[in-house]
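S.K.: Sending over a structure as structure tokens; questions will come in a sec.
The values are calculated or read from the model by the stated rules, or taken from the named source; none is laboratory data. Remember, it's a predicted structure, so these values are computed and weren't measured experimentally. Here the Cβ is made from the backbone with ideal geometry for all residues, glycine too, and neighbour counts use every protein chain on show. Only protein heavy atoms, including side chains, enter the accessible area calculation; ligands, DNA and RNA are left aside. Shrake-Rupley method; radii C 1.70, N 1.55, O 1.52, S 1.80 Å.
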Amino acid sequence: MILSTALAAVACAPKAPKAIPTDNAVEAKVEKVLKGMTLEEKAGQLVQLNISTLEDASREKIDPVKLDLIIGKYKVGSILNVMHDAAHSREHTAAMVRQIQEKSMEAIGIPCIYGLDMIHGASYLVEGSLYPQEINLAATFNREYPRLMGHAMAYETRAAQVPWVFSPVMDLGRDPRWPRIWESFGEDPYLQAQMAREETIALQGANPNHIDQEHVAVSIKHFMGYGVPVSGKDRTPAIIAENDLREKFFAPFLECFRAGALTAMVNSASINGIPTHANAVLLSGWVKEQLGWDGMLVTDWADIDNLYTRDHVAADKKDAVAMGINAGIDMIMDPYDPECCTAIVELVNEGRISQARLDDAVRRVLRLKVRLGLFDKPVWDQAYPDFASEKFALQSYAAALESEVLLKNEGGLLPLKEGQKILVTGPNANSLRALNGGWSYTWQGKADDYVPQYNTILEALQKRFPGKVSYVPGVEYDPSDWQIDKVTGLAQLKAEAKKADVIICCVGENSYCETPGNMDDLNLSANQKELVRAAAASGKPVVLVLNEGRPRLIGDIEPLCAAVVDVMLPSNFGGDALAALLSGDENFSGKLPFTYSKHINALHTYDYKVSEHREIMEGSYNYDAVMDVQWPFGHGLSYTSFAYSNLQVSADKFTSADVLKVSVDVTNTGARAGKEAVLLYSSDLVASLIPDVKRLRGFEKISLAAGETKTVSFELPASALAFVGADGRWRLEEGDFRLSIGGQGLMVRCTETKVWDTPNI
Ligand code: BGC
């Protein structure tokens, strides 16, 4: 990033209206509390510690002596995480929070704020309702699901006395090697922004100034550019052009700030050589000044320490604390070191953190607590009758059904025919852990230990096809290391295959999270490929089921399989959903929210530049060639077929102030009902910066009975066709654009060039 340009842009930016409107009563309360605080109390508010700093020897209870020290002496303002890295009951969690709140009110008169990584439902509560991971919700292309999940997640988290979640995740999953792409809504900025916005509003409710007791504060994360490390490994440096940063990576955050997101967590890594935790331009400039955002920025895990221990931009701890807070950090997730409070006190006394910056950060923390109603009710008594309800379970099942993607179905192998003998194989066939992925009951995921009552893929198929299913694992995971699998029975597979009519091969990945999910080869493991080859060698048709957090390369084994389904991480009802889809009881409607790459040296996104790709088969300079991928973004089949016709636009010429109305007719031309995600793309045909080949600008999910036609309409503001130029400003340029939906296309022309700055809140 060109720091000076960006800083200059901050300086000249017009005073923006505030992202969250000021509420005078909230502000008055904040000022009143602030006035009575000592420096030590202020420092404490800026520190968040891990719950392990309060655990007793059993690691199940709070040690009162430690509570005295952490809250009583250091006056720490926030606690995170679960005891013993394990899910607990709602009662256990609530009792623990009560104890902390009692101490906090008695010792400092300020409530503590507890935060948890609820990532796909109340994923740290034993009885919590889990939904498919965000990558699956993206594949539904249905805004209803992040809304439903956000509501249930907020409700159940609040039922356990916890008012803050570190969700939604909105890192653009634009590098399939990165181990966290499944935590967010895929590679596209628009899809990501739309889905994250729904989840944010569902989590917080309609009024961010007054969060009621069925809602929680969000922490949108990880701000920003975290998902494209050059190495493909977690928490490693990214190089991102400033225009891409503004146009693509900022997009979901901007949408959520506009929707009232109260807190944001910062990207652990670095962009263009600057650790994000020290990036004043992004933290104070883009977010706080330009958006007029009065929320709170929290660090990620130990990332202030990383400024000196890892990144070497600070000399020592105090240097790092000063650097982070002066860049705009308001709360430091330390997570084990209460001495961080002492460092803040010293830095203020030494003048290295100004009184004004200290007070601003403290105000932001207090404002959050006031907005959550924690001063009035540090704990609350309310019935939560829908907690762990069937209602939420049915929603999770429905989301799983709409999220599993049928990628290939040659010769109509699917749906399976009644009476067929089915051989199920593969390391993912009988695992709830693999169906859920990480952040499921524990950090790295341990669903089988907590919720054996749910059906694995194997169990669901056995229930749907009684007496017809046999099982040979063939390859099994090492439970202690997700990357290790071993071949356990190919001879047995061969023998069983003789008796079967069809083989369902369930492969992919075991659960992982963050840095432990790093790996050196995106190909599906050699053992699992061998399994697929062995299954195919039997001569029986193979259905390949991919259960994975990122698209592992399968270019060499895909031709051996007549059908392929990517279930990604569909959670506890993913097995049931798959059985219903494979049997044809339900119809597929998921579409890929990412590009499924085919070659390790061709990891692209769908919005690539023409010059990024040269199709070798067609000649080195064939710029009309299409990308050679396994399956493109937006690909997904159904048991029925859809025809698109009659694409129309309200005007073929437009100015920057216009809103284009685009419509298309979609007909279900098959014999059974189905749902279809209708995707609207635009292509800028000539632009002053090399344009992307196409960009998603709208999507709607519709249901159609056999033979039915529906007209789907989109409102497309001209500003949505703008891009960010090299100077960091938005540009809508005079010229031609192609709009396309479902293979239909038409041209529209912008008759003026207009340039403006973010924000436009
Ligand atoms: C992760 C965050 C998470 C935090 C707190 C970090 O390691 O990167 O996503 O919210 O831990 O658990």
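Residues checked against (1) of a type outside the set (A, V, I, L, M); (2) assigned by TED's automatic domain parsing to the domain that holds Gln290:
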residue: Asn306; (1), (2): yes, yes
residue: Ala315; (1), (2): no, yes
residue: Arg357; (1), (2): yes, yes
residue: Val362; (1), (2): no, yes
residue: Trp380; (1), (2): yes, no
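S.K.: What are the residues in segment 123-136 that are within 15 Å of the ligand (Cβ to nearest atom) and part of a loop (DSSP other than H, G, I, E, B), if any?
M.R.: Selection gives Ser123, Tyr124, Gln133.
S.K.: Looking at Asp85, Asp68, which one is more than 19 Å from Glu156 (Cβ to Cβ), among the acidic types (Asp, Glu), assigned by TED's automatic domain parsing to the domain that holds Cys340 and at pLDDT below 95?
M.R.: Going through Asp85, Asp68 in turn, the sole match is Asp85.
S.K.: Counting only residues that are in a strand (DSSP E or B) and either within 30 Å of Lys675 (Cα to Cα) or in the same structural domain as Lys248 (by TED's automatic domain parsing) (or both), how many does segment 706-753 have?
M.R.: 19
S.K.: For segment 100-137, enumerate the residues that are farther than 22 Å from Leu372 by Cα, open to solvent by 10 Å² or more (accessible area, probe 1.4 Å) and not hydrophobic (A, V, I, L, M, F, W, C).
M.R.: Glu127, Ser129
S.K.: So which of Asp624, Asp665 ends up being under 30 Å from Asn243 (Cβ atoms) and not basic (Lys, Arg)?
M.R.: One residue alone meets the criteria, Asp624.
S.K.: Among residues belonging to segment 471-483 that are over 14 Å from Val507 (Cβ atoms) and over 26 Å from the mean Cα position of the chain (by Cα), point out the one that is surrounded by the fewest Cβ atoms within 10 Å (Cβ to Cβ).
M.R.: Out of the qualifying residues, it is Asp478.
S.K.: Select from segment 211-229 the residues that are among the hydrophobic types (A, V, I, L, M, F, W, C) and either open to solvent by 10 Å² or more (accessible area, probe 1.4 Å) or part of a loop (DSSP other than H, G, I, E, B) (or both) and write down the one among them that is farthest from the ligand (Cβ to nearest atom).
M.R.: Ile211
S.K.: Being over 28 Å from the mean Cα position of the chain (by Cα) and surrounded by 20 or more Cβ atoms within 10 Å (Cβ to Cβ) is the filter here, so list the residues in segment 740-761 that pass it.
M.R.: Residues satisfying the conditions are Val748, Cys750.
S.K.: Now, a different point. Within segment 100-112, count every residue that is within 27 Å of Phe387 (Cα to Cα) and part of a helix (DSSP H, G or I).
M.R.: Of the residues in segment 100-112, 3 are within 27 Å of Phe387 (Cα to Cα) and part of a helix (DSSP H, G or I).
S.K.: Say whether the condition of being of a type in the set (A, V, I, L, M, F, W, C), assigned to a loop (DSSP other than H, G, I, E, B) and open to solvent by 30 Å² or more (accessible area, probe 1.4 Å) is met by at least one residue in segment 443-459.
M.R.: Within segment 443-459, one or more residues are of a type in the set (A, V, I, L, M, F, W, C), assigned to a loop (DSSP other than H, G, I, E, B) and open to solvent by 30 Å² or more (accessible area, probe 1.4 Å).
S.K.: Pull up segment 174-198, narrow it to residues that are within 14 Å of the ligand (Cβ to nearest atom) and assigned to a loop (DSSP other than H, G, I, E, B), then point me to the one that is surrounded by the most Cβ atoms within 10 Å (Cβ to Cβ).
M.R.: Looking at residues that are within 14 Å of the ligand (Cβ to nearest atom) and assigned to a loop (DSSP other than H, G, I, E, B), I get Ser184.
S.K.: Also, I was wondering about something else. On the phi < 0 side of the Ramachandran plot and touching a Lys or Arg at 6+ places or on another chain (Cβ under 9 Å): which single residue out of Val686, Val748, Val712 fits that description?
M.R.: Within the list Val686, Val748, Val712, the selection yields Val748.
S.K.: Which residues, counting only those in segment 527-553, are under 29 Å from the mean Cα position of the chain (by Cα) and either open to solvent by 10 Å² or more (accessible area, probe 1.4 Å) or under 18 Å from Gly232 (Cβ atoms) (or both)?
M.R.: Of everything in segment 527-553, those that are under 29 Å from the mean Cα position of the chain (by Cα) and either open to solvent by 10 Å² or more (accessible area, probe 1.4 Å) or under 18 Å from Gly232 (Cβ atoms) (or both) turn out to be Lys529, Glu548, Gly549, Arg550, Pro551, Arg552, Leu553.
S.K.: Now for a different question. Restricting to segment 645-675, count the residues that are open to solvent by 20 Å² or more (accessible area, probe 1.4 Å) and closer than 22 Å to Leu406 by Cβ.
M.R.: Matching residues across segment 645-675 total 7.
S.K.: Taking only pairs six or more apart or across chains, which ones have beta-carbon atoms under 8 Å, a first residue in segment 78-99 that is open to solvent by 40 Å² or more (accessible area, probe 1.4 Å) and in a strand (DSSP E or B), and a second residue that is within 14 Å of the ligand (Cβ to nearest atom) and among the hydroxyl-bearing types (Ser, Thr, Tyr)?
M.R.: Sorted first by the residue in segment 78-99, then by its partner, the list stays empty.
S.K.: Mind checking which residues of segment 30-61 are in contact with a strand residue (DSSP E or B) (Cβ under 6 Å, 6 or more places away or on another chain) and either surrounded by fewer than 14 Cβ atoms within 10 Å (Cβ to Cβ) or assigned to a helix (DSSP H, G or I) (or both)?
M.R.: Listed by number, the list holds a single entry, Ile51.
This table checks each residue for (1) among the aliphatic types (A, V, I, L, M); (2) within 20 Å of the chain's Cα centre (by Cα); (3) at positive phi.
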residue: Val379; (1), (2), (3): yes, no, no
residue: Glu410; (1), (2), (3): no, no, no
residue: Leu414; (1), (2), (3): yes, no, no
residue: Lys417; (1), (2), (3): no, no, no
residue: Val424; (1), (2), (3): yes, no, no
residue: Ala434; (1), (2), (3): yes, yes, no
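S.K.: Moving on. Those residues that are more than 16 Å from the ligand (Cβ to nearest atom) and at negative phi, I need them from segment 148-166; list them, please.
M.R.: Hits for segment 148-166 are Leu148, Met149, Gly150, His151, Ala152, Ala154, Tyr155, Glu156, Arg158, Ala159, Ala160.
S.K.: Could I ask something else about it? Among the numbered criteria (1) surrounded by 24 or more Cβ atoms within 10 Å (Cβ to Cβ); (2) in a loop (DSSP other than H, G, I, E, B), which one does Ile600 miss?
M.R.: Tallying (1) surrounded by 24 or more Cβ atoms within 10 Å (Cβ to Cβ); (2) in a loop (DSSP other than H, G, I, E, B), Ile600 fails exactly one: (1).
S.K.: Of the numbered conditions (1) basic (Lys, Arg); (2) surrounded by 20 or more Cβ atoms within 10 Å (Cβ to Cβ); (3) more than 23 Å from Lys29 (Cα to Cα), Lys75 satisfies every one except a single condition; which is it?
M.R.: (3)
S.K.: Continuing with the same structure: Just to be sure before I move on: is Ala202 away from the ligand (no atom under 14 Å from the Cβ), open to solvent by 10 Å² or more (accessible area, probe 1.4 Å) and among the hydrophobic types (A, V, I, L, M, F, W, C) in the structure I sent?
M.R.: yes
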